[in-house]
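Notes follow the structure.
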Amino acid sequence: MNAQLQEVKSMLGQLRLSGAREQLEELLATALKEEFTLLEFTRRLLSQEVEVRNANSLQRRMKQARFPEYKTIDEFDFGFQQSVSKHQILQLMDMCWIEKAYNLFFLGPSSIGKTHLSISLGVRAVELGYHVSFVTLDELIDISKTEAVVVRNKRWLKHIMNSNLVIIDVVGFLPVSRQEANMFYQLVSHFYQNTSVIITSNKGFEEWAEFLGDTTITTAILDRLIHNSEIFNMSGDSYRVSHRNTIL
């Protein structure tokens, strides 16, 4: 029996069925005790493998997303930030808008929850099986400029371009050159009607031409981003200032 068990475990290993391999002995003992049919035993063994693979896939997608921190909707203080309602955000949690390649904008001053909301939606999308990328606009431009010579940036950009959802954080924090604005336009054109984009920005649309440095490019970028979108104009006090940690 032990020889047969080791042989089966070895074959499961060769087939890369690690989940089934790890649970085989325990499942055999349960099967004998509860008198499983052969079909039920097979079903449970394969279910163990599927469960492990799904968990590994989730972990891999979460790592590839590159979230700066893990945030959920349950942690968001809707009582403090009342310019967006919990009902509105919960309506987005089924991710139907990703299927339609709709975009979301979270606009408003610093520290009012824009990034928290975008990460929370991104985390939920990963949990539902979507491929997500989180990147600041500065990072996105940098990897676009260097992907030809930096291998890791080439891989990162490829993942971004193939994602179902791309979160571009802090758009407008720093001005960009005309060349960089053109790069941003090319990326937005690639995403248009194919990939959902979440934008967080402390600039209203009327201010985008100022940091992008070109009215024509700005119009073309916004035209594509806004065409199918939901816009959240957020306001309020800084959460970090209001909830500051003190020394004394």
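Observations, loosely collected:
- V151 vs. criteria open to solvent by 10 Å² or more (accessible area, probe 1.4 Å), at pLDDT below 95 and closer than 21 Å to R60 by Cα: yes
- The set of residues in segment 56-80 being under 24 Å from N162 (Cβ atoms) and not in a loop (DSSP other than H, G, I, E, B) consists of N56, S57, L58, Q59, R60, R61, M62, K63, Q64, A65.
- Restricting L17, L104, L45 to those that are within 21 Å of T200 (Cβ to Cβ), surrounded by 13 or more Cβ atoms within 10 Å (Cβ to Cβ) and among the aliphatic types (A, V, I, L, M) reduces the list to L104.
- Residue match in segment 144-161 (condition: of a type in the set (G, A, S) and closer than 16 Å to N194 by Cα): no
- Restricting attention to segment 15-32, the residues that are at negative phi and within 33 Å of the chain's Cα centre (by Cα) add up to 8.
Yes/no matrix, rows are residues, columns are (1) surrounded by fewer than 17 Cβ atoms within 10 Å (Cβ to Cβ); (2) modelled with pLDDT of 95 or more; (3) out of contact with any Asp or Glu (no Cβ under 7 Å at 6 or more places or on another chain); (4) not in a helix (DSSP H, G or I):
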residue: L187; (1), (2), (3), (4): no, yes, yes, no
residue: H190; (1), (2), (3), (4): yes, yes, yes, no
residue: N194; (1), (2), (3), (4): yes, yes, yes, yes
residue: I198; (1), (2), (3), (4): no, yes, yes, yes
residue: E207; (1), (2), (3), (4): yes, no, yes, no
residue: F211; (1), (2), (3), (4): no, no, yes, no
residue: D223; (1), (2), (3), (4): yes, yes, yes, no
residue: E230; (1), (2), (3), (4): yes, yes, yes, yes
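- Filtered by the rule that a residue be open to solvent by 10 Å² or more (accessible area, probe 1.4 Å), over 16 Å from D138 (Cβ atoms) and touching a residue at least 12 places away in the same chain (Cβ under 8 Å), segment 154-177 gives H159, M161, N162, N164.
- Looking only at segment 72-117, residues that are at pLDDT 95 or above and of a type in the set (K, R) come to 1 in all.
- One residue from S83, S10 being hydroxyl-bearing (S, T, Y), in contact with a strand residue (DSSP E or B) (Cβ under 8 Å, 6 or more places away or on another chain) and open to solvent by 40 Å² or more (accessible area, probe 1.4 Å): S83
- Subset of segment 130-148 [of a type in the set (G, A, S), open to solvent by less than 40 Å² (accessible area, probe 1.4 Å) and not in a helix (DSSP H, G or I)]: S133
- Top-ranked residue of segment 16-55 - restricted to ones that are among the basic types (K, R) and in contact (Cβ under 8 Å) with a residue 12 or more places away in the chain, ranked as farthest from L121 (Cα to Cα): R21
- Only one of L128, L121, L58, L104 that is under 18 Å from the mean Cα position of the chain (by Cα) and free of Cβ contacts under 8 Å to residues at least 60 places away in the same chain: L128
The values are calculated or read from the model by the stated rules, or taken from the named source; none is laboratory data. Because the structure is predicted, anything quoted here is derived from the model rather than measured. When we count neighbours, we look across all protein chains shown, and the Cβ atoms used for this are built from the backbone with ideal geometry, even at glycine. Remember, those area values only see protein heavy atoms, side chains included, never the ligands or the DNA or RNA. Shrake-Rupley method; radii C 1.70, N 1.55, O 1.52, S 1.80 Å.
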